[in-house]
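The values are calculated or read from the model by the stated rules, or taken from the named source; none is laboratory data. Remember, predicted model here, so these are calculated numbers, not experimental data. Quick reminder, even Gly has a Cβ in these numbers, built from the backbone with ideal geometry, and neighbours come from all protein chains shown. The accessibility values were calculated without ligands, DNA or RNA, using every heavy atom of the protein model including side chains. Shrake-Rupley method; radii C 1.70, N 1.55, O 1.52, S 1.80 Å.
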Amino acid sequence: MSGHPHTIHLPAPERISPWKYALTYIFAILAIVGLFLSLIGAEVDRVQFVYSWFFAFYFFFTIALGSFFWVTLHHACNSAWSVLMRRLWEIVLKLIPLFFLLFLPLTLPDSADKLWKYMTPENQATLNHAKDWLNPISFNCRAFIYFLYFSLAGLYYRRESVRQDTDGNPVHSCRMIDHSYLALVIFGVFETFLSFDWLMGLEWHWSSSLFGAYNFGICAQVGMAAGIVLVAIFRSAGFLSAMNTEHFYMMGKLLFGFTILWAYFAFGQYLLIWYANIPEETIFYNNHNFGGWMYFCFFIVVGKFMFPAMYLLAQDTKKSLRALCAVAVWILFMHGVELYWFIMPYAHPASVLPSWQDFVSFITIGSILGFFYIRIAAQASLIPVRDPRMVECLTITN
């Protein structure tokens, strides 16, 4: 519900100057150095490079998918509370074409078959009826469709939102609302098939009927966590001052809810596979509970579910941006742990063997995205000042 005071002061447009902040230069330097080291790593150990690069790529791409979900959900529900922070997610959407370029190294012939092993000639000969789906040409075509849709849809939402700052016409909001229902459906379909291709494809013998929902839980949770961290960063720089404890409380409630939802999907998938005890399904957990990887399982249960869920139960925690930011950073860290546990056993099945390329790939991709995020953020106001729901957003109460 919301209450409307007699006098409401609408926030002024907030623009940043990218070259004013040292972080812009730090990102640029780290990106250049990281790309150079990554080229060396690709020559020294191509197998380790593709796994490290894919791990870093998918970590950040899930944040982009989560941002897409929250933007489309915002419009589909005609939400008011998230108006002030919506632009932070929209900026991420404009980065999706850049993700396409970052994905290209994984599609090279001498890289793809090291990551998705069914692409090797030996395994292609054994696929039989599955060969029509599990082949390099089909894989690359589907990947292109995923990137094309999310890039065009993301640019559409960003464009309409920024145009509204100029003319203040509510028709832009109406268009985005009308298109978001179908966009959410397409998001669910593409997110599911994308997870099948990129993650389940690492072990093409494995099948799970809940994996698409599990991947959705991952994206939604980290999308909200990343949004909270971005709010904290921009507020520390003097922006988004119109946000208050009511907005923080909404973010905290949603982060708590989607932490529970992620745990529900993760446990549900495990329970169904354990109960059925079918070799085509149990192969995943058997391979990921071997050696040192077994301890990752316990850490993920405690670190990504039990601790954040208990931490977010208190109302005071959800109303404090500092407390919310702390748990959001922790969830992002645990997201990395989860993806590392998911991906790296295919590179090192016997034991946990961290590589310097893991760190370099993560810093490189993160710095490239961070540099362009700041540049895109400077192109328009951080707040959609002429959004028709702004008054309701400023007066929202829980």
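Data for the structure
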read-out	value
Portion, in percent, of the accessible area of the chain that falls on carbon or sulfur, probe 1.4 Å	70
Most to least accessible of CYS77, CYS393, CYS325 (protein chains only, probe 1.4 Å)	CYS77, CYS325, CYS393
Where ARG142, ARG15 fall by accessible area, highest first, once all protein chains stay in place (1.4 Å)	ARG15, ARG142
Global form of the range 259-378, assessed from the alpha-carbon gyration tensor, a/c cut-off 1.5	oblate
Cα centre as origin, Lys/Arg/Asp/Glu Cβ charges: the range 149-273 dipole, Debye	220
Formal net charge of residues neighbouring ILE396 (Cβ-Cβ distance under 14 Å; K, R +1; D, E -1)	+1
Axial C-alpha extent at least 27 Å, average Kyte-Doolittle at least -1.0 - helices from the chain (DSSP)	22-44, 46-76, 136-167, 171-198, 211-236, 245-276, 321-343, 356-377
Fully extended contour minus Cα-Cα distance, from SER351 to ASP132, at 0.36 nm per residue	75.4 nm
Computed lengthening from TYR264 to ALA276, 0.36 nm per intervening residue step minus Cα-Cα distance	2.5 nm
Alpha-carbon centroids, the range 120-173 and the range 6-32: separation in whole Å	29
Selected from LEU353, ALA326, PHE60, residue furthest toward positive end of dipole (the chain; charges at beta carbon)	ALA326
Gain on full stretching of the segment that runs from LEU101 to LYS20 - 0.36 nm per residue minus C-alpha separation	26.4 nm
Hydrodynamic radius by Kirkwood, which averages 1/r over all alpha carbon pairs of the range 1-138, in angstrom	19.2
LEU10 versus PHE36: modelled label distance in nm, points set 7 Å from Cα along the beta carbon direction	4.9
ASP45, ASP178, ASP197, reordered so the largest accessible area comes first (probe 1.4 Å)	ASP178, ASP45, ASP197
Probe 1.4 Å, accessible area per residue of the chain, Å²	43
26 Å Cα cut-off, lysine pairs counted over the chain (separation 8 or more, or different chains)	8
Helix-only CD estimate at 222 nm, as mean residue ellipticity for the chain, using -39500 (n - 2.57) per DSSP H run (n ≥ 4)	-23500 deg cm²/dmol
Area of GLU280 that stays accessible when all protein chains are in place (1.4 Å probe, Å², to 10)	100
